[in-house]
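The structure appears below as structure tokens.
The values are calculated or read from the model by the stated rules, or taken from the named source; none is laboratory data. Because the structure is predicted, anything quoted here is derived from the model rather than measured. Cβ atoms come from the backbone with ideal geometry, glycine included; neighbour counts cover every protein chain shown. Remember, those area values only see protein heavy atoms, side chains included, never the ligands or the DNA or RNA. Shrake-Rupley method; radii C 1.70, N 1.55, O 1.52, S 1.80 Å.
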Amino acid sequence: MSVELDVFVGNTTIMDKEVYQLWLNGYTVNDAVKVRIEGGVMEECEASAEVLLSDTMDQYRTFQMCERLLHHPAKLANQLLFQIPPDRQAMLIERYYAFDDLFVREVLGKKLSKGTKKDLDDVSTKTGITLKSCRRQFDNFKRVFKVVEELKGPLVENIRQHFLLPDQLARDYAAIVFFANNRFETGKKKLQYLTFQDFAFCAGQLINNWTLGAVDNMMEDMDVDLDKEFLQDLKDLKILITDKDLLDQHKSLVCTALRGKTNVYNEMEANFKNLSRGLVNIAAKLINAKDVRDFFIDLVEKFIEPCRSDKWTSIDMNLYLTHYTNSAHILDTFKHHAVWTRYMGVIKSCILRLYHD
Amino acid sequence: MPGKLKAKIVAGRHLPVMDRASDLTDAFVEVKFGNTTFKTDVYPKSLNPQWNSEWFKFEVDDEDLQDEPLQITVLDHDTYSANDAIGKVYIDIDPLLCSEAATVISGWLPIYDTIHGIRGEINVLVKVDLFNDLNRFRQSSCGVKFFCTTSIPRCYRAIMVHGFVEELVVNEDPEYQWIDRIRTPRASNEARQRLIFLMSGELQRKIGLKVLEMGGNAVVGYLQCFDLEGESGLVVRAIGTACTLEKISTFPATATHPSNSSPSKDMKDSPQAAPSTLGCRSTHSSPVHSASSRLSQGFSVSVPTLLFAGMGSGGSAGKDAGPLKALLKQQTQSALEQREYPFFTLTVFPPGFLLHVGGVVSARSVKLLDRIHNPDEPETRDAWWEEIRQEIKSHAKSLGCHAVVGYSESTSICEEVCILSASGTAAILSSRFMQDGPLDTELRFEEVVSPGCGFCHIPYDELNIPFPAQLTYCYCCRRYKVPDVLFTTIDLPTEASVTGKGCLIQARLCRTKKKAQGEVNAMAISNLLPFLEYELHTQLMNKLKLRGMNALFGLRIQISVGETMLLGLASATGVYLTALPSPGGIQIVGKTPSDITYEQHISNMQKKINDTITKNKELYEINPPEVVEEIIGSPIPEPRQRSRLFRSHSESSDDVSEIDLSHGKKDAFVLEIDDTDAVEDIHALLTDSPTPAGFYSCNTEIMPGIQNWTSAIQMFTSVRVFRLNANLTNQGLNKIFSDLCENLLKSLYFKLRSMVPCCLCHLNFTVAIPEDELIQVAVTAVALSFDKVQTLENGKQSGEKTPIKAITENDEQLQFNLELNAETSSSSISPKGLSEVGSHPSARAPSVDYSSFADRCSSWIEQLKLKAHTIRRGSVKTTSSMEKASPLPEGRSRSLRSNRSYSGSSVAVVKMTPLSFIPGAKIIKYLGIINMFFIRETSSLREEGGVSGFLHTFIAEVFAMVRAHVAALGGNAVVSYSMKECVFMENPNKNQAQCLINVSGDAVIFVRESELELTSVQPQSATTQTSNGGEGT
């Protein structure tokens, strides 16, 4: 004796948010039923395990049928098969494209290739996220990447329109696409303390200031790639460390401004030349794609770690970077003011974000 | 050349990839009607082709317009090989042939393939120019309106109810033709789909002709069915009620809506029940079994019939009205007797039409199928049905009734055996809506019958009751006799006074039978049928008593035949009619009273039953007003008497009456336990689990005692197939079947828990035995949410200040009550009584409901906001008003729509409901009947998610196609929706499955009542909008 067939179809498609989440998390039907039983839904609704199993299977089937549509969220709105109220549609899309921070840290900056996908079982073991869920998240990244890659216009806006995602999620996806495209290294041990949101913030800064789209939004491919011309110009900043006079002058200007205003003045004074060399060298090397990848490692190694060992506070950091940036403009022989502002604006906000006290 | 059909193919979208190399499709479209075919150009390399074709024009007879569907085929052009079909769309153009229905079909329709399902959508425009044809001998019946709704449609008024129309057409089933051996499954399915489209078109046309002959202009309660007889052919048959309808033109003047009129019901109970002082006693009346099987020519066994429940006296019927009534009855009767069959498929009646209800009449007959030799003369099938109808007619007569209402017919086929069933409710109707009705006398008579209880009064002479029944004086009016229990197939009349709430009651039964062939098999089945019916009836009665109720409405008994078993499922909605006596409890009696442990066991069970009854009474709020029992001069001084049912008749009733019942003064229904069967029965009785908190269920249109429906409705279909083990006993089978139904209900409650408090209405169960050891149960119903808080408030209000409430809500009701209370003599004609008789124009419009005033204001503001949005976006669509009428969680969806741009226009929401109305909304236009038939087949069952995945997709696809066709007609809802056929066959070994689904309903445009009221409150701001919705397209 067995139930051979069991279906329930509503004119308005019934979808349980809780079951949807379990499905997204990659639970099997049986595991999902267990979780639901523990959640106490049975007592609430006077149901039996049998009812719960039937409901869960039915919901899972519905989600599987919808998944095809979720790959192209715009289709969800004008398909005829399922009648889903708009707020439900938005919920389905948003949750489908939501991702685990733990997971995204593992693949951030990696090439979204088949190779990476093959390694997902390792990621799954490491993070405790089911392989199924890892695959969904990875495929989402890849799908968004592929669609946006070909499109003109602002990255975040493109993602939002094509995938109907809420603003914050669209920004996060922009960061993921940007990182994947530029292959920023984020997996090194030294970077482990950083969260995805730290990187997403930096990505936002880079997209808004260093890409071609930041200057002229009529250009193609603008938001995904860094502005080559700008990177070329960055080499000119080298004068700040190669010209000894300029370096000394810069140091004395910063020291004068900071004297008495910070507890780490001595350490700062002693380290000034090293720190300045670090930042300018990063700028000068960005023209090489390989060095772009190491951008975050360099920032941490060359600047953040020395400061942290000297026990700077965030306030010290802010103060220093402000004066360091501004002082350069007073230097007589320094001519590259525009490039410097564009460079240091991003560097400053990134460092402040990446510097955890 | 009386008609010109025009079609234009606009565009396609979401087409499947047909060319693997380019991942694109070169699509073109063939438009076919009759034997004429047009083609569009090929739109190369696109999944979203824009054909924008010219108007394809077909000049055809209107006869063909009625019979043929417009057939649209989308194909992929292939230079080197044959073009591949992508899919088809069949468009029924019947709605365009009636001036009052739709004027154009325009919209995105799913492209359907019987193997792949929905494959993209196509945008089409279809129009018809019809020329008037005055030929008296024409074969077409354009302009006759068809309604699935089994009541007078909401925006019409019945001028005349002409009566029963029936027709059937037969053909060979393409699947069983020789050619099927060499053609593809797709070709075979399509041939079948097309044939059934054609046959139902033809059927509808023929019925239309009959209606015109009778002088009517519409068919209400149109019920069309298919009999897939396999080898012997395909029968499409239909029944309906011919009417002359008149459209109610002015907006607010339509007949009262149930949700409007229902609030008055609660408070109506009190004034009517109060003067009731005559106390009577009752016992159960057992069913009559006129079981005589007879063999008729060829081979057929007819199994006649159960007559259910109460009937009785007109002996003392009415004082002054007596002779008048008799006269009237005579006249009506003669009017009805002229008809071949005085049958009505209606289940809800215009006020004053239904006078008395006798009880359920049904007839079944077992037939052996043989090949239909001449499809043009389907005489055998006609004769079969004629036989059954005659039988029904005579049953009605024996109940003293001249008409049968709530009439329906069905079949169950297994191999070559076919059970034909018909059932209805014997009734006496007023001649008001009938042709030769004496109009003046009838009005005078009308006043005497109180609306709340009149229909319960027995239609038959007390002295000539064909079986013993317990009659009492009506608990409402105290003037006429009523039975103790009333079973009917109709809906609960809106004016009926009911105590408490109702609930779904089901009797389920399985009977094994031996495998057999031919006549032996048919004989075996026909021998089993009476027992099956008898037990179902007993179960129903027991369950009714267990719930403390005294009447069943919407009774539907389905008997399904398989090779090794028979399945019986009876569903009905139990209620407590205030007019009928309170039911006694159930008493259990043991056969061997000497044994102490046995006695203990029995008393335990008795306690359980009593507890359940008490609990149920609480649950369904059944607290009938206590009547003073012994009143001097009680008209029928009956001795306390208990009639017993169940097996043994050996014991005398004196023994029984020794045992006192907890259910006090009322007489009990006695269950005697004399064998294990009975013990099982009692267990089964008690295993029906109560509905979870917040849920109610019924299989009728509305649930008494619940008002304040919100706009949240959810229609659904659920199907389960259960595989049995071999060698089960009857008991085991019963339990499994019962559990299957119970579990299905439990699942439904769980699924719909977010809608609590809610009521599952029109719960329609269909059982089938698709093959040996399989049981299939399909349910279609609608869940309606209601507002609990308001219900309580209303209850309080009605209790405290009835008169005030009555005036604001529904004034004519109160006037009626006053009249009753004052006991006005029957001869005086009160003008108020007269006005109540007609449908009260503008009864509702001027009454202002202050409680909802704030709501209305806020919704008005909402609407203004919405308008502002539309203007800002600069897109004003004609459909916008319909979207607004849609019940999505409003505020949120709007804000979403405003700040998020979905690419393309989003799909218009189409509501579906098996009910004839939409709560909180007014139907302003009927666009035509939806009658669709689909076949889906797969040879990759596993890949499509197994049987469940396959059927889930198919049902979703059927819903989608119904919605799309309704939207294309300009509608925003389907009412009276039903899934009449769901035949599922599988062959897992071959990885194959096939399913046939037939659905029907009425496409309508509705407008939210809040928006309608808006027009009266704020005419200047809202007129444009409503008129927009009113015109539809």
Is it the case that some residue within region B:56-63 is of a type in the set (Phe, Trp, Tyr), open to solvent by 20 Å² or more (accessible area, probe 1.4 Å) and not assigned by the TED database to the domain that holds B:Lys206? no
Looking at A:Leu151 and the list (1) at pLDDT 90 or above; (2) open to solvent by 30 Å² or more (accessible area, probe 1.4 Å); (3) farther than 20 Å from A:Leu92 by Cβ, which single condition is not satisfied? (1)
What number of residues in region B:1-14 are closer than 17 Å to B:Val907 by Cβ, open to solvent by 10 Å² or more (accessible area, probe 1.4 Å) and not basic (Lys, Arg)? 2
What do you reckon, is A:Lys75 within 11 Å of chain B (Cβ to nearest Cβ), open to solvent by 40 Å² or more (accessible area, probe 1.4 Å) and of a type in the set (D, E, K, R)? yes
Taking region B:519-575 and keeping only residues that are closer than 17 Å to B:Val361 by Cα and among the acidic types (Asp, Glu), one is left with B:Glu533, B:Glu535
Would you check which residues across region B:700-737 are assigned to a strand (DSSP E or B) and among the hydroxyl-bearing types (Ser, Thr, Tyr) and list them? B:Thr710, B:Ser711, B:Thr717, B:Ser718
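Table: residues versus (1) surrounded by 21 or more Cβ atoms within 10 Å (Cβ to Cβ); (2) closer than 19 Å to A:Asn182 by Cβ; (3) over 13 Å from the mean Cα position of the chain (by Cα).
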position: A:Ile93; (1), (2), (3): yes, no, yes
position: A:Asp101; (1), (2), (3): no, no, no
position: A:Val107; (1), (2), (3): yes, yes, no
position: A:Lys111; (1), (2), (3): no, yes, yes
position: A:Thr116; (1), (2), (3): no, yes, yes
position: A:Asp121; (1), (2), (3): no, no, yes
position: A:Cys134; (1), (2), (3): yes, no, yes
Condition check for A:Ile84: under 21 Å from the mean Cα position of the chain (by Cα), closer than 30 Å to B:Leu109 by Cα and either within 14 Å of another protein chain (Cβ to nearest Cβ) or buried (at least 22 other Cβ atoms within 10 Å of the Cβ) (or both): no
Within region B:976-992, the residues that are among the aliphatic types (A, V, I, L, M) and closer than 17 Å to B:Ile775 by Cα are B:Val983, B:Met985
Residue satisfying all of: in region A:28-62; farther than 23 Å from B:Glu944 by Cβ and not in a helix (DSSP H, G or I); farthest from the other protein chains (Cβ to nearest Cβ) among these: A:Gly40
Going through (1) more than 20 Å from B:Pro914 (Cα to Cα); (2) within 10 Å of another protein chain (Cβ to nearest Cβ); (3) assigned to a helix (DSSP H, G or I) one by one, B:Leu744 fails only at (1)
Restricting the search to region A:178-207, which residues are over 18 Å from A:Tyr355 (Cα atoms) and in contact with an Asp or Glu (Cβ under 8 Å, 6 or more places away or on another chain)? A:Phe178, A:Asn181, A:Asn182, A:Ile207
Can you tell me how many residues in region A:284-298 are in a helix (DSSP H, G or I) and either of a type in the set (D, E, K, R) or modelled with pLDDT of 90 or more (or both)? 8
Within region B:22-43, track down each residue that is surrounded by fewer than 21 Cβ atoms within 10 Å (Cβ to Cβ), touching a Leu at 6+ places or on another chain (Cβ under 8 Å) and either of a type in the set (Val, Ile, Thr) or in a loop (DSSP other than H, G, I, E, B) (or both). none
So B:Arg479, is it open to solvent by 10 Å² or more (accessible area, probe 1.4 Å), on the phi < 0 side of the Ramachandran plot and in a strand (DSSP E or B): no
Subset of region A:154-176, residues open to solvent by less than 10 Å² (accessible area, probe 1.4 Å) and farther than 17 Å from A:Tyr96 by Cβ, comes to A:Leu155, A:Ala174, A:Ala175
Identify all residues within region B:748-762 that are within 10 Å of chain A (Cβ to nearest Cβ) and within 21 Å of B:Leu619 (Cβ to Cβ); write none if there are none. B:Leu748, B:Tyr749, B:Phe750, B:Leu752, B:Arg753, B:Met755, B:Val756
For region A:213-223, does any single residue satisfy the condition of being at pLDDT below 85 and closer than 15 Å to A:Ile287 by Cα? no
Which numbered condition B:Val947 fails, given (1) open to solvent by 10 Å² or more (accessible area, probe 1.4 Å); (2) aliphatic (A, V, I, L, M); (3) closer than 16 Å to A:Leu80 by Cα: (3)
Go through region B:349-390 and report how many residues are buried (at least 20 other Cβ atoms within 10 Å of the Cβ), farther than 17 Å from B:Asp227 by Cα and modelled with pLDDT of 90 or more. 5
Report yes if some residue within region B:135-145 is in a helix (DSSP H, G or I) and surrounded by fewer than 22 Cβ atoms within 10 Å (Cβ to Cβ); otherwise report no. no
Suppose we filter region B:697-741 for residues that are at the interface with chain A (Cβ under 8 Å from one of its Cβ atoms) and over 30 Å from B:Lys788 (Cα atoms); how many remain? 8
If A:Glu185 satisfies all but one of (1) within 30 Å of A:Leu151 (Cβ to Cβ); (2) at pLDDT below 85, what's the number of the condition it fails? (2)
